[in-house]
1. Search region 160-186 for residues being in contact with a strand residue (DSSP E or B) (Cβ under 8 Å, 6 or more places away or on another chain), free of Cβ contacts under 8 Å to residues at least 60 places away in the same chain and away from the ligand (no atom under 13 Å from the Cβ), and hand back the single one that is farthest from Val283 (Cα to Cα).
2. Mind counting the residues in region 131-166 that are hydrophobic (A, V, I, L, M, F, W, C), in contact with a helix residue (DSSP H, G or I) (Cβ under 6 Å, 6 or more places away or on another chain) and in a loop (DSSP other than H, G, I, E, B)?
3. Which ranges mark the helices (runs of 4 or more DSSP H) fully within region 226-330 that have 3 or more residues being within 14 Å of the ligand (Cβ to nearest atom) and in contact (Cβ under 8 Å) with a residue 40 or more places away in the chain?
4. Only one of (1) closer than 17 Å to Gly9 by Cβ; (2) surrounded by 20 or more Cβ atoms within 10 Å (Cβ to Cβ) is not met by Thr97, so which one is it?
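The values are calculated or read from the model by the stated rules, or taken from the named source; none is laboratory data. Only a predicted model underlies this, so the values are computations on that prediction, with no experimental measurement involved. Here the Cβ positions follow ideal geometry from the backbone for every residue, glycine too, while neighbour counts run over all protein chains shown.
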Amino acid sequence: MNDATHTAGYSLGGTIHLAPRGFEEQLEHEVRRELEDSDPEAARRVWTHGRLVFAPGPYRPMAWAQNSWLDPWRIPFDSINEGARALKAIQRNWCLTSIAEHRRAALIAGALPPVKGRPIRFGESPPASPLGGWTLWDRNTIIAAPRTTSPFPEGEVRFVEDKAGPPNRAYLKLWDVFTRFGISPGPGEHCLDLGASPGGWTWVLAELGCRVTAVDRSPLASPLMDNPLVEFRSGSAFGVDPRHVAEEYGHVDWLVWDVACYPKRLLTWVQRWLEHGPACAMVCTVKFQGETDAESAAAFKAIPGSRLVHLTHNKHELTWIRRAGGVPFP
Ligand SMILES: C[S@@+](CC[C@H](N)C(=O)[O-])C[C@H]1O[C@@H](n2cnc3c(N)ncnc32)[C@H](O)[C@@H]1O
């Protein structure tokens, strides 16, 4: 923040997390739960404003946040021009999350440089310029943070979709992981895709030139069954024993998992894999059935060197990611 802003407003001393639509409760619960464990006084100062949840204190990643506003400020203003000027004085690029005073917020947004937010092609780098987040708290108060954790508007990773190649839209989740974290398997690497049918993820991996062993009870969509890079094995994902995986499947570079099962069952399976299996990169969808199992989610999040996120195309589910060998994410 520059001097003009320092004199015009004040720091809230925390982070504002933005919930995906429909998952506001999950985000608030996660924020409160984490703070109650580490800083009960801060937990009492949590507030929500629509989809925004304020967490006092240092930044802590939240799985249910699609974007996080770092060090937000409260900026009082009188006119629309004054509001737009205050934001422009801080930096160029701002993305509005409209919660209150929608018309006034839209008029201020109209006076700011437009945020493009066009869908990207898979493989293209994410936008490089920082993107701030802002909202109107009330008629005369802007809440704004010049830095957020995502370069995408409101943290939503949108792609130019491929309507011809993949058999379903699940491929967008894997594209999101690879784009967001800047990691992906390379040509010739061996990927084990558990719960692979009809094959959206297998398609992504084969398109990257990987060899894919796809395990499911149901076959893949027909073009994938004939793809020379893909070997389909009919069977249960739970039958893949991490202790014997090398003999049965050879060296595995990436393990991806998209099987619908209770999070506790997946957690046990993952812990077993981490103890006995190869130290490959892992991407697993943690699917909730009915109630969100916050306890299992917290246990996934606590696995060292891993990340738990709600991807743009995740529904009532989170995605757990671990790099090969548990190398921490930057
Ligand atoms: C959400 S779909 C996977 C979608 C897939 N990732 C894609 O991109 O097309 C879940 C799959 O898990 C499979 N499945 C469920 N239980 C399984 C099990 N115990 N072992 C293997 N596959 C299982 C289902 O047959 C289903 O095809």
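1. Filtering region 160-186 for residues that are in contact with a strand residue (DSSP E or B) (Cβ under 8 Å, 6 or more places away or on another chain), free of Cβ contacts under 8 Å to residues at least 60 places away in the same chain and away from the ligand (no atom under 13 Å from the Cβ), the one farthest from Val283 (Cα to Cα) comes out as Val160.
2. Count: 1.
3. Details: elements: 245-249, 263-276, 294-301.
Correct list: empty, since no element meets the threshold.
4. For Thr97, the failing item is (1).
Results for (1) on the phi > 0 side of the Ramachandran plot; (2) outside the structural domain of Asn314 (by TED's automatic domain parsing); (3) buried (at least 22 other Cβ atoms within 10 Å of the Cβ), shown as yes or no for each residue.
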| position | (1), (2), (3) |
| --- | --- |
| Pro119 | no, yes, no |
| Ala128 | no, yes, no |
| Asp138 | no, yes, no |
| Ile142 | no, yes, yes |
| Gly165 | no, yes, no |
| Leu194 | no, no, yes |
| Trp201 | no, no, yes |
| Ala214 | no, no, yes |
